[in-house]
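Below is one structure, written out as structure tokens; the observations come after it.
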């Protein structure tokens, strides 16, 4: 650490008016992730004001995010402020019906997200490989699809809790299946009750797209986290692209406000060429997910202290 601080001092003295000093990733130093007080104090010694403009790191209790704010007057940067303004009003000021789209590969990575959303939204659309586990829990065979059979009871509990909270759960009714995940693989559309044993679910089908689109058409607010299919490989990007077009169309008509976030989500919407058409796209991945889970973000709390 002394060597790093010495270099910082040297570079700072060499700065000219209007120049900016950009440091290496501080997570190369163990003291950063441990939020070591002496490391945070040493960093703070080289500044007069601390501005955090990295919402994407706000879920990390690190020295340069949390510790440094104890030693300097602190504030959010313009990007951080924009993120918070858009996100904090989602569950408070949004117009109902509020719909959430949650996709991705595993239920296990989004249990806290689902638990929080069913208390906050009117409708929850579930796609991606995580929908396979829900279908399995409902008694459907899912062939060779990615699935978490050990979460059957957990999913059953989530479905029961959603019903109690008056949150509508919308699952695929038909799916696109193939025997391999390769570009332009031969594929078929089948009802969820007729998935071949040798096939895997790689996207939702046209009837499901219509059903999900109808949900969006009657919604006023939408939050989206996770693609609906294996969008990186054509033709399994169809549902994500089609649903993104539906969302963009209703935004253009001023009938819908939408917020999307998460690395795969942004990549999928960019792939669809529609990212710029959404009301707001979060720059964050983990921080966006933890915020949706209802967790307190250390980097935000540090600025409020």
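Any read-out appearing in this document is the output of simple, stated calculations on the displayed coordinates, not a laboratory observation. Nothing here was measured: the structure is a model prediction, and the numbers come from that model. Cβ atoms come from the backbone with ideal geometry, glycine included; neighbour counts cover every protein chain shown.
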*When the label point is put 7 Å from the Cα of residue 12 along its Cα-to-beta-carbon vector, which residues of the range 27-45 have a backbone N closer than 14 Å?*
39-45
*Arranged from highest to lowest average of other beta-carbon atoms within 10 Å per residue, in what order do the peptides 48-60, 169-181, 222-234 appear?*
222-234, 169-181, 48-60
*Measure off 7 Å from each Cα along the Cα-to-Cβ vector at residue 106 and residue 70, then give the distance between these two points in nanometres to one decimal.*
3.4 nm
*Using the beta-carbon distance between residue 252 and residue 49 and R0 = 35 Å, what value does 1/(1 + (r/R0)^6) give for FRET efficiency, to the nearest 0.05?*
0.30
*How far, in degrees from 0 to 90, does helix 152-164 lean away from the longest principal axis of the Cα atoms of the chain, to the nearest 10?*
90 degrees
*How are the Cα pair distances of the range 84-292 distributed, in percent, across 5 Å bins from 0?*
1, 8, 17, 21, 22, 17, 10, 4, 1, 0
*Return a whole-number percent for the relative contact order of the chain, with Cα pairs under 8 Å and 6 or more residues apart as the contact set.*
19 percent
*Starting from the alpha-carbon convex hull of the range 2-76, give the projected area averaged over all orientations, in nm².*
5.1 nm²
_Can you give me the distance in nm between label points at residue 168 and residue 267, each placed 7 Å from the Cα along the Cα-to-Cβ direction?_
3.2 nm
_Please compute the Kirkwood hydrodynamic radius of the range 95-187 from all pairs of different C-alpha atoms, in Å with one decimal._
13.9 Å
*asked:* Need the full-extension length gain, residue 214 to residue 95, defined as separation in residues times 0.36 nm minus the C-alpha distance. One decimal, nm.
replied: 41.1 nm
*Calculate, for residue 304 and residue 197, the FRET efficiency according to 1/(1 + (r/R0)^6) with r their C-beta to C-beta distance and R0 41 Å; round to the nearest 0.05.*
0.15
*Average projection area in nm² (convex hull over Cα atoms of the range 239-278, one quarter of hull surface)*: 2.4 nm²
_Estimated [θ] at 222 nm from DSSP helical runs (n ≥ 4, -39500 (n - 2.57)) normalised by residues in the chain, nearest 500_ = -11500 deg cm²/dmol
